[in-house]
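The values are calculated or read from the model by the stated rules, or taken from the named source; none is laboratory data. On a predicted model such as this, the values are computed, not experimentally measured, just so you know. Note that we place each Cβ from the backbone using ideal geometry, even for glycine, and neighbour counts take in every protein chain shown. Just so you know, the surface numbers come from the protein's heavy atoms only, side chains and all, with ligands and any DNA or RNA stripped out. Shrake-Rupley method; radii C 1.70, N 1.55, O 1.52, S 1.80 Å.
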Amino acid sequence: MIKKIIFTVLVLFTYIVSGQQDPQYTLYNYNTMTVNPGYAGSRGHLAILSLYRDQWVGIDGAPRTISLGIDKPIGLFDGLGLSVIQDDIGPSQETYIDGNYAHQLILNRRGDRLSLGIKAGVRMFSLDWSKGSYRDPDTAFYQNVNSELLPTIGAGIYYYTDRSYFGLSVPNIITNIRYDEIEEQEASEKIHYYLIAGYVFDLNRDLKFKPSIFAKHINGAPLSVDASANFLLYEKFNFGVNYRWSESISALMGFQITPQFSIGYAYDFTINNLTQYNSGTHEIFLRYQFLTLENILKSPRFF
């Protein structure tokens, strides 16, 4: 019961202060298509990625997210992708199913590209008020919502080279209903604006430095910023740290087991008011790439 009270008082307060409505990721560099549809097909081959995030372990009703993404190039200038995400928090469950399409423009002889992406799909929204403990006792008697279908439409631009990337996106321009954690009722969602960018520096023959940033802006909420410093050793082993402004510090690692298969893990240590009530956040991803001999012989992609 104490943990449930902590959830309704502190977890929900932190959630609304940070402005988080869409699912949140620490390993955003690996899960880019969920951030920006312009990424679809940019790797040059069919790829499948799955990610699991268990946020604020030890607090009942804290966010939990599972995502699956599949994308591939179509011809020389187009990409297609499918993204499926399930996001649970408290009494609410949301399932996103989105199709992504990107058209790439070649900007110069080096092959730098500007990708224009759109996404469209549905969000299945459910509320089960029998879950959890609430400040208002009448909340338990609210009418449940069972898999209500809501449309989603988003867009993004994604510029990338062999060594850098920069993207701007709006994941959904339609404001439907969703669960308001503070008011403990249905409310209108807000439009999110995303910026993502990164670069790869050669420190020596075997070690690369990969700084990146991910910023999220939501009307009426403070700007949320992730800044990451990652290192790539022997083009096999990734390790680094991530800082989410006023919220968490994370350790990240990843390993390219084979040219086709890679795995990664992140642990977030909370630095806000929730520190003493949870044991951190765990995030793990798996990616499999269907590589041809031609893909393997080309310069590897670093993001």
Which whole-Hz couplings ³J(HN,Hα) result when phi for each residue of the range 274-282 is put into the Karplus expression 6.51 cos²θ - 1.76 cosθ + 1.60, θ = phi - 60°, listed in order with x for Gly and Pro?
8, 3, 7, 10, 9, 9, x, 10, 10
How much length, in nm to one decimal, is gained on full extension between N146 and Y265, taken as 0.36 nm per residue of separation minus their Cα-Cα distance?
39.5 nm
Heavy-atom accessible area of R64 with all protein chains present, probe 1.4 Å, nearest 10 Å²?
110
In nm, spacing of pseudo-spin labels at N219 and T258 (7 Å Cα→C-beta vector)
4.9
Set the Förster distance to 35 Å, then compute FRET efficiency between F209 and A120 from the Cβ-Cβ distance, nearest 0.05.
0.40
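Can you tally the net charge around L105? Count Lys and Arg as +1, Asp and Glu as -1, for every other residue whose Cβ sits under 13 Å from the Cβ of L105. Each step should come with its number before you reach the end.
Details: positive: R113; negative: D78, D112.
So the surrounding residues net to -1.
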Here FRET efficiency (C-beta to C-beta, Q86 to L46, R₀ 30 Å, nearest 0.05) is 0.85
I284, I196, reordered so the largest accessible area comes first (probe 1.4 Å):
I284, I196
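Quick check: net charge around N272, other residues with Cβ under 14 Å of its Cβ, Lys/Arg +1 and Asp/Glu -1? Mind dumping the intermediate values first?
On the way: positive: R244; negative: E247, D268.
Neighbourhood net charge equals -1.
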Run the quick spin-label model on I74 and N108: label points 7 Å from Cα toward the beta carbon, then report their separation in nm to one decimal.
3.0
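Pulled fully out, how much extra length does the chain show between K190 and W245, if you take 0.36 nm times their separation in residues and subtract their Cα-Cα distance?
Working: separation 55, 0.36 × 55 = 19.80 nm, distance 2.06 nm.
Extra length from K190 to W245 when fully extended: 17.7 nm.
Net charge around L233, counting only other residues with Cβ within less than 9 Å of its Cβ (Lys, Arg = +1; Asp, Glu = -1)?
Values: positive: K208, K236; negative: D206, E235.
It works out to a net charge of 0.
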